[in-house]
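All remarks here apply to the structure that follows.
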Amino acid sequence: MNKGLENILSRNSPRELSMPIPSPEEMEQVYQAALRAPDHAWQRPSRFIEVKGEGLKKLSSVFKKYAEENISDLSEEALKKYEAAPFRAPMIIILVSEIKVHPKVPEIEQMFSTAAAAENILLALHSLGYGGVWRTGKFALNDKINKHLDLSENQKVIGYLYVGTPTGAQKKIPEMDTTKFVTKWE
């Protein structure tokens, strides 16, 4: 098997992520890989907010404030969970799709491009020996989070990649029976 396929087939979402995180030079390579995602009409919708160090505290405050303002019947326990969420990994990449009006490229296709960029990030991180977990939840795919992240109206958060070095017990990657997922027309 070639190294590219081996990288894809061995990628997994680790249970735990810790230091170290990729260097700035490694992240440059990761972002270059992200920007190779399919992109109809060269709209270049993908934007990334890299959060680490003190930035994790800022994101924690954003999650807390958003939850207080937008989640009804918010328990103290749930609020603490949201506030602690950014500290599950030493780095988070916020995935943002900047939507442009285009006659042939609808909004959803631009979001798909950013999703493909996210997968390229995960694969690039894995190839460098790091791990990543894609999370969505209440802080993604809604327009109300934008003001808390200083985003414009045409930008959409499609998720958060939690990044670091995989630690602890790793999940077993199951063998998949492709016949359950593939229909062939011959």
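Coordinate-derived values only; no laboratory data. Keep in mind the model is a prediction, meaning the values are calculated, not measured. Note: ideal-geometry Cβ built from the backbone for every residue, glycine included; neighbour counts use all protein chains shown.
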Per the filter on segment 97-122, residues surrounded by fewer than 22 Cβ atoms within 10 Å (Cβ to Cβ), within 12 Å of the chain's Cα centre (by Cα) and not small (Gly, Ala, Ser) are Glu119, Asn120
If I filter segment 131-152 down to residues being of a type in the set (Val, Ile, Thr) and surrounded by 14 or more Cβ atoms within 10 Å (Cβ to Cβ), which single residue comes out as farthest from the chain's Cα centre (by Cα)? Ile145
Can you work out which of the residues in segment 9-21 that are surrounded by 15 or more Cβ atoms within 10 Å (Cβ to Cβ) and among the hydrophobic types (A, V, I, L, M, F, W, C) is nearest to Leu128 (Cα to Cα)? Ile21
Filter segment 153-186 for residues that are of a type in the set (A, V, I, L, M, F, W, C) and surrounded by 19 or more Cβ atoms within 10 Å (Cβ to Cβ) and give the result. Val157, Ile158, Leu161, Val163
Take Ser46 and tell me if it is more than 30 Å from Gly168 (Cα to Cα) and small (Gly, Ala, Ser). yes
Spot the failing condition for Tyr162; the list is (1) free of Cβ contacts under 8 Å to residues at least 40 places away in the same chain; (2) touching a Gly at 6+ places or on another chain (Cβ under 9 Å); (3) outside any loop (DSSP other than H, G, I, E, B), and only one is missed. (1)
